[in-house]
Amino acid sequence: MSGHVLDASGIGVRFGGVQALDGVTLSLRPGEVCGLIGPNGAGKTTLFDVLSGIRRPDQGRILLDGADVTRRSPVWRARHGMRRTFQRQQLFGQLTVADNLVVAQEWRGGGGGWAADLLAAPTRRTHERARRARATEVLRACGLDGIADDYAGTLPVGRARMVELARAVADGPRVLLLDEPASGMTDEESGHLASVVRHLAAEEGCAVLLVEHNVAFVMGLCSRVVVLDLGRVLAQGTATEVRADPRVRDAYLGAAAP
Ligand SMILES: Nc1ncnc2c1ncn2[C@@H]1O[C@H](COP(=O)(O)OP(=O)(O)O)[C@@H](O)[C@H]1O
Ligand SMILES: [Mg+2]
């Protein structure tokens, strides 16, 4: 075993004349927070689509816990512990914030997982209680406990993004893919975001990959940073290493680099 929970190798995606991804290899270990940065059009969202199963790559292979999932559906991957959020948030607007989290846990079986569902066959009510309790706990961690009963469709963008994060982590994912999670957030909200991500990684062993334009945020949160440019991995390393790389400065960070 490689020790990687997620292992993508040689990923290629072509849209007509555009090679959006070209031989991208990227692995995540349990408990690691990895940043993915790069200029617009570099292929970050396309890579997320491929990892989460929304788009099948033209080349390459994706392993989840060592098993080939390249041809598995997004739902299958989600049931096996992979979660993502989207660049544009997608909540159930007609449900309350708390109910968005309860529903998310039902996707996977919730309250002890599908094995507990089968073996112990406890009542629906017991499940419901366990899911509500977990929802309350996660909402508190995300600084959202005050709006648990608000309808998700009425929230300002930063709040909605935080609810999307809360929903993605509600049933304890093992791999979490976050596409621009801090966009539209206040400093206080992005502080909550950072602490929730740190907790998930350190305490629950979740592997996190996050795309974010706020370079300072990425550098502060991620133990490793991967730089994509024109569909290829241009550089990777610690925040310090990546920041000092002249190719990264040219392609992305530009003259204003810290
Ligand atoms: N559905 C699509 N159809 C055609 N081209 C696409 C599509 N999605 C992305 N692309 C192209 O693929 C490249 C990578 O895009 P994307 O993954 O969205 O980059 P990023 O998220 O890094 O900004 C860009 O050149 C973009 O125009
Ligand atoms: Mg994108």
Here is a list: L63, L28. Which entry is more than 16 Å from ligand 2 (Cβ to nearest atom), over 30 Å from M185 (Cβ atoms) and within 17 Å of the chain's Cα centre (by Cα)? L63
Residue ID - nearest to A207 (Cα to Cα), chosen from residues in region 25-39 that are buried (at least 22 other Cβ atoms within 10 Å of the Cβ) and within 11 Å of ligand 1 (Cβ to nearest atom): L36
Any residue in region 5-26 that is over 17 Å from R61 (Cβ atoms) sitting within a Cβ distance under 6 Å of a residue that is in a strand (DSSP E or B)? List the pairs, counting only those 6 or more apart or interchain. A20/V13
Considering each of G158, G153, G184 in turn, give the residue that is within 16 Å of ligand 2 (Cβ to nearest atom), within 24 Å of L101 (Cα to Cα) and more than 12 Å from the chain's Cα centre (by Cα). G184
Collect the residues in region 196-238 that are farther than 20 Å from V24 by Cβ, touching a helix residue (DSSP H, G or I) at 6+ places or on another chain (Cβ under 8 Å) and assigned to a helix (DSSP H, G or I), keeping them in residue-number order. V196, V197, R198, H199, L200, V215, F217, M219, G220, L221
Mind listing just one residue for me: the one in region 63-86 that is part of a strand (DSSP E or B) and away from ligand 1 (no atom under 16 Å from the Cβ) and, of those, most open to solvent (accessible area, probe 1.4 Å)? D68
If I ask for residues that are in a loop (DSSP other than H, G, I, E, B) and open to solvent by less than 70 Å² (accessible area, probe 1.4 Å), which ones from region 123-157 would you list? C142, G143, L144, A148, D150, L155
Of the residues that make up region 202-219, is at least one in contact with an Asp or Glu (Cβ under 8 Å, 6 or more places away or on another chain) and aromatic (F, W, Y)? no
Could you tell me which residue of region 210-231 is nearest to E180 (Cα to Cα), considering only residues that are within 16 Å of ligand 2 (Cβ to nearest atom) and surrounded by fewer than 18 Cβ atoms within 10 Å (Cβ to Cβ)? H213
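For every residue, the table says whether it meets (1) modelled with pLDDT of 95 or more; (2) open to solvent by 60 Å² or more (accessible area, probe 1.4 Å); (3) within 11 Å of ligand 1 (Cβ to nearest atom); (4) assigned to a loop (DSSP other than H, G, I, E, B).
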{"residue": "R14", "(1), (2), (3), (4)": "yes, yes, yes, no"}
{"residue": "G41", "(1), (2), (3), (4)": "no, yes, yes, yes"}
{"residue": "V50", "(1), (2), (3), (4)": "yes, no, yes, no"}
{"residue": "R55", "(1), (2), (3), (4)": "yes, yes, yes, yes"}
Select from region 172-193 the residues that are free of Cβ contacts under 8 Å to residues at least 60 places away in the same chain and open to solvent by less than 10 Å² (accessible area, probe 1.4 Å) and list them in ascending order. L193
Looking at (1) modelled with pLDDT of 90 or more; (2) under 22 Å from L230 (Cα atoms), which one does F86 not meet, given that it meets all the others? (1)
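The values are calculated or read from the model by the stated rules, or taken from the named source; none is laboratory data. Since the model is a prediction, treat every value here as computed from it, not as a measurement. All Cβ positions, even for glycine, are placed from backbone atoms using ideal geometry, and neighbour counts span all protein chains on display. Protein only, heavy atoms only, side chains kept; ligands, DNA and RNA dropped before computing areas. Shrake-Rupley method; radii C 1.70, N 1.55, O 1.52, S 1.80 Å.
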